[in-house]
Amino acid sequence: LGSMQNSGSNPCSCPSFKLREVASMYFTMIAVFLVILVVALQGSAPRGSDFPYKVPLDPQGLLELSWNVSYPEQAVNFQLLIRDLQFGLLFGMSDRGEFENADLAVLWSDGRNSYFGDAWSDAKGQLHMDSQQDYQLLGARRAPEGLYLLFRRAFSTCDPKDYLIEDGTVHLIYGILEKPVHSLQAINISAIHGGLQRVQLLKPNITIPELPSNMKTMEIRAPDVVIPSQETTYWCYMVELPENFPKHHIIMYEPVVTAGNEALVHHMEVFQCAAEFDTFPRYNGPCDSKMKPERLNYCRHVLAAWAMGAQAFYYPEEAGLAFGGPGSSRYLRLEIHYHNPLVFKGRRDSSGIRLYYTDNLRRHDAGIMELGLVYTPVMAIPPGEDAFVLTGYCTDKCTQLSFPLALPADGIRIFASQLHTHLAGRKVVTVLSRDGRERQVVNSDGHYSPHFQVQKSAGAVESWLGGDELITTCTYNTQNRSQVTVGGFSILEEMCVNYVHYYPQTQLELCKSAVDPGYLHRYFNLVNRFNDEEVCMCPQVSVPQQFDSVPWNTFNRDVLKSLYGFAPISMHCNKSSAVRFPGEWEKQPLPTITERLQEPVPHCPPAPGSQPAAPIPLNLGQLGRD
């Protein structure tokens, strides 16, 4: 669609050269005319069914993004509704939501003429027109509610300046141009009003099962919450099921978001509390408040999880998640993450999650199993680390020894999972291995954010058999911290977890590991031997205190990394009663992996032609406010 230019420099005035020049100019005019004709169409808004996924980009709802995914074409089609178009906007993707080193689609205007182009920003935030125009403009439509801009982008372009769209979290960025600019290069990123939104762009193709006619609904909602006037709030609300509530199967759930708060309700989760406690106190307030009862920390069994941009979640037609009945707690905890960057005051909210359930029980109970690392301070991350790796194991011994008590002979089917860390988490991946060979990635997020945790359908994951291993690896960034970060329950401590959803349910509910405490003691001894400062290893001194006294020089960092890479582990192979299966679980060797999965090779579209990149002119009329 870009304008074509004659690249010849021969001054020859022979007729053949003029013919080529005339032909080039003719086709250029035709191409530009077609572009202007397409993008200047006036009409109604595109059908919402064409773009099933939708998120507000900005807190005020002035920018609304919808999209669909074409797996046959390996592309995402975007529809961007701009309710208050001024002099253009930037939209794009970057590693963590930065405007530097970003991949951008840009619409800009000099006040009279408008242009669209594929661009990138360098490490200083300077914009450049991309030599490979991979954001393909499909059209623009004006409607009473604003301007609809339609464009598409391939998952992979093999352009080093472009972002690779893959499974997991995508950090979308946007910027609003409030003044006219005469060129792309004249846009000053530091001066524009912008922000970021996290989404899962790629959605698996899941067949929606038929729902029973006797289905019931239950709304778990926090009533009339006054959203705090701060950027980030986690709100907790306790719910009690009726007495003698019989066993049911949850077969579907969906969000219920208060109208007008779509840009503030970031994600929500419903947790069931531990059945070992007869009662739980009522609570309706911030999750990090000192007034929150300590017992609420025992409400960690995930029943439902939703994040902005996600649709309803359906269980496979042969399974449902059991709740109610004997051995099931009547207490639930709703947790809502409010993202309020504009610090709105007095905004009220009654959002939550609607559960669809039935007493017509399906063939299988679905189960939720915890994989990864035990919540213990023996797993620690030094301060100032860019990418520190910790790994948790579900070993073959656990799945073999608990077989057939835990895993059926033909295995279990994983149909969804939810990754979880606290604030330092940056990447999480779980891999299934068999006989020392990695077989399949269960879930992976290379741009993970603790502020965007969604239950992700697993698609076609092969059966998990007795003797298989599931290895969960988390990568952390502590560059903004001056103290060591240890494992634990606090938001400033760390976790590495994958909540795997599967069926049929087994007795195995937790399969996690941690470094052997004896080998960690040897580490502290080694630190004492090679450093002038002494790490106190007295019995009364806790592991976090010992870590706090470590001088974090290069030697001590490298030795800790090495320790976690070879030291034996303590395995937690636990039943639903929180009791370990019988067996020897201390000082277990790390699993041996002899064959790794190959990194996927990106599919590259056909190479572009030799014509120089040029912006596409749009006939949008005069932009800007009167």
Inset, instruction - All but one of (1) open to solvent by 10 Å² or more (accessible area, probe 1.4 Å); (2) outside any loop (DSSP other than H, G, I, E, B); (3) hydrophobic (A, V, I, L, M, F, W, C) hold for residue 423, so report the exception by its number. - result: (2)
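Assess whether residue 475 counts as being over 15 Å from residue 374 (Cβ atoms), assigned to a strand (DSSP E or B), outside the structural domain of residue 250 (by the TED database) and open to solvent by 10 Å² or more (accessible area, probe 1.4 Å). Reasoning before the result, please.
Values: over 15 Å from residue 374 (Cβ atoms): yes; assigned to a strand (DSSP E or B): yes; outside the structural domain of residue 250 (by the TED database): yes; open to solvent by 10 Å² or more (accessible area, probe 1.4 Å): yes.
When the stated conditions are applied, residue 475 passes them.
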Inset, instruction - Name the single residue, out of those in the stretch 154-213 being outside any loop (DSSP other than H, G, I, E, B) and of a type in the set (Gly, Ala, Ser), that is least open to solvent (accessible area, probe 1.4 Å). - result: 175
Inset, instruction - Select from the stretch 488-519 the residues that are modelled with pLDDT of 95 or more, out of contact with any His (no Cβ under 9 Å at 6 or more places or on another chain) and part of a strand (DSSP E or B) and list them in ascending order. - result: 515
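Only one of these is outside the structural domain of residue 301 (by the TED database), in contact with a Ser or Thr (Cβ under 8 Å, 6 or more places away or on another chain), surrounded by fewer than 16 Cβ atoms within 10 Å (Cβ to Cβ) and closer than 22 Å to residue 375 by Cα: 470, 492. Name it. Working first, answer last.
Numbers: 470 fails: surrounded by fewer than 16 Cβ atoms within 10 Å (Cβ to Cβ).
Just a single option satisfies the conditions, and that option is 492.
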Legend entry - Filter result for residue 462 (surrounded by fewer than 17 Cβ atoms within 10 Å (Cβ to Cβ), of a type in the set (D, E, K, R), touching a residue at least 12 places away in the same chain (Cβ under 8 Å) and outside the structural domain of residue 309 (by the TED database)): yes
Inset, instruction - Filter the stretch 520-536 down to the residues that are open to solvent by less than 90 Å² (accessible area, probe 1.4 Å) and within 38 Å of the chain's Cα centre (by Cα), then identify the one that is modelled with the lowest pLDDT. - result: 527
Inset, instruction - List the number of the failed condition for residue 225; all other conditions in (1) crowded, with 16+ Cβ neighbours inside 10 Å; (2) over 30 Å from residue 294 (Cβ atoms) hold. - result: (2)
Inset, instruction - Scan (1) under 22 Å from residue 287 (Cβ atoms); (2) touching a strand residue (DSSP E or B) at 6+ places or on another chain (Cβ under 8 Å) for the single condition residue 344 breaks and write down its number. - result: (2)
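Does residue 358 fit the bill of being polar (S, T, N, Q), within 22 Å of residue 416 (Cβ to Cβ) and buried (at least 18 other Cβ atoms within 10 Å of the Cβ)? Please lay out each step first, then the result.
Working: polar (S, T, N, Q): yes; within 22 Å of residue 416 (Cβ to Cβ): yes; buried (at least 18 other Cβ atoms within 10 Å of the Cβ): yes.
Yes: the conditions hold for residue 358.
Condition check ((1) in the same structural domain as residue 195 (by the TED database); (2) closer than 22 Å to residue 233 by Cβ; (3) modelled with pLDDT of 95 or more) across all residues:
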{"position": "317", "(1), (2), (3)": "no, no, no"}
{"position": "327", "(1), (2), (3)": "no, no, no"}
{"position": "330", "(1), (2), (3)": "no, no, no"}
{"position": "334", "(1), (2), (3)": "no, yes, yes"}
{"position": "337", "(1), (2), (3)": "no, yes, no"}
{"position": "341", "(1), (2), (3)": "no, yes, no"}
{"position": "344", "(1), (2), (3)": "no, yes, no"}
{"position": "348", "(1), (2), (3)": "no, yes, yes"}
{"position": "355", "(1), (2), (3)": "no, no, yes"}
Legend entry - Residue match in the stretch 104-113 (condition: at pLDDT 95 or above, closer than 30 Å to residue 338 by Cβ and open to solvent by less than 60 Å² (accessible area, probe 1.4 Å)): yes
Inset, instruction - Inspect the stretch 95-103 for any residue being more than 24 Å from residue 339 (Cα to Cα), at pLDDT below 95 and not charged (D, E, K, R) and give the result as yes or no. - result: no
Inset, instruction - Would you be able to tell me the number of residues in the stretch 327-355 that are farther than 30 Å from residue 414 by Cα and either open to solvent by 40 Å² or more (accessible area, probe 1.4 Å) or touching a helix residue (DSSP H, G or I) at 6+ places or on another chain (Cβ under 7 Å) (or both)? - result: 9
Inset, instruction - Would you check if there is a residue in the stretch 310-326 being surrounded by fewer than 19 Cβ atoms within 10 Å (Cβ to Cβ), more than 25 Å from residue 423 (Cβ to Cβ) and among the charged types (D, E, K, R)? - result: yes
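Considering only the stretch 500-508, I want to know if a residue exists there that is surrounded by fewer than 19 Cβ atoms within 10 Å (Cβ to Cβ) and closer than 27 Å to residue 596 by Cα.
Filtering the stretch 500-508 down to residues surrounded by fewer than 19 Cβ atoms within 10 Å (Cβ to Cβ) leaves 504-505, 507.
Subset that is closer than 27 Å to residue 596 by Cα: none.
Checking the stretch 500-508: not a single residue is surrounded by fewer than 19 Cβ atoms within 10 Å (Cβ to Cβ) and closer than 27 Å to residue 596 by Cα.
Tell me yes or no: at least one residue of the stretch 159-171 is out of contact with any Ser or Thr (no Cβ under 9 Å at 6 or more places or on another chain) and modelled with pLDDT under 95. Spell out the reasoning first.
Taking the stretch 159-171 first, the residues out of contact with any Ser or Thr (no Cβ under 9 Å at 6 or more places or on another chain) are 160, 170.
From what's left, modelled with pLDDT under 95: 160.
Checked against the condition, which is being out of contact with any Ser or Thr (no Cβ under 9 Å at 6 or more places or on another chain) and modelled with pLDDT under 95, the stretch 159-171 yields at least one hit.
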Inset, instruction - With respect to residue 305, determine if the residue is in a loop (DSSP other than H, G, I, E, B), open to solvent by less than 20 Å² (accessible area, probe 1.4 Å) and closer than 24 Å to residue 449 by Cα. - result: no
Inset, instruction - Any chance you could count how many residues in the stretch 129-145 are part of a strand (DSSP E or B) and more than 30 Å from the chain's Cα centre (by Cα)? - result: 3
Inset, instruction - Test residue 483 against the stated conditions and say whether it is outside any strand (DSSP E or B) and either at pLDDT 90 or above or surrounded by 20 or more Cβ atoms within 10 Å (Cβ to Cβ) (or both). - result: yes
Inset, instruction - Scan the stretch 560-583 for residues that are among the charged types (D, E, K, R) and either in a helix (DSSP H, G or I) or closer than 14 Å to residue 373 by Cα (or both) and jot them down. - result: 561
Inset, instruction - Just one of (1) open to solvent by 20 Å² or more (accessible area, probe 1.4 Å); (2) at pLDDT 95 or above trips up residue 236, so point out which. - result: (1)
Legend entry - Residues of the stretch 488-521 satisfying the condition of being out of contact with any Lys or Arg (no Cβ under 8 Å at 6 or more places or on another chain) and acidic (Asp, Glu): 493, 494
Legend entry - Only one of 409, 416 that is closer than 28 Å to residue 495 by Cα and either surrounded by 19 or more Cβ atoms within 10 Å (Cβ to Cβ) or touching a residue at least 40 places away in the same chain (Cβ under 8 Å) (or both): 416
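Quick grid of which residues meet (1) hydrophobic (A, V, I, L, M, F, W, C); (2) buried (at least 21 other Cβ atoms within 10 Å of the Cβ); (3) touching a residue at least 40 places away in the same chain (Cβ under 8 Å); (4) out of contact with any Phe, Trp or Tyr (no Cβ under 8 Å at 6 or more places or on another chain):
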site: 83; (1), (2), (3), (4): no, no, yes, yes
site: 97; (1), (2), (3), (4): no, no, yes, yes
site: 124; (1), (2), (3), (4): no, no, no, yes
site: 129; (1), (2), (3), (4): yes, no, yes, yes
Legend entry - Residues (open to solvent by 30 Å² or more (accessible area, probe 1.4 Å), under 30 Å from the mean Cα position of the chain (by Cα) and either among the hydroxyl-bearing types (Ser, Thr, Tyr) or under 21 Å from residue 453 (Cβ atoms) (or both)) located in the stretch 240-282: 254, 255, 257, 258, 262
Legend entry - Of all residues making up the stretch 227-251, the number that are part of a strand (DSSP E or B) and within 24 Å of residue 198 (Cα to Cα): 5
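The values are calculated or read from the model by the stated rules, or taken from the named source; none is laboratory data. Model, not experiment: these values are computed from the prediction. Ideal geometry is used to build each Cβ from the backbone, glycine not excepted, and the neighbour counts take in all protein chains shown. The accessibility values were calculated without ligands, DNA or RNA, using every heavy atom of the protein model including side chains. Shrake-Rupley method; radii C 1.70, N 1.55, O 1.52, S 1.80 Å.
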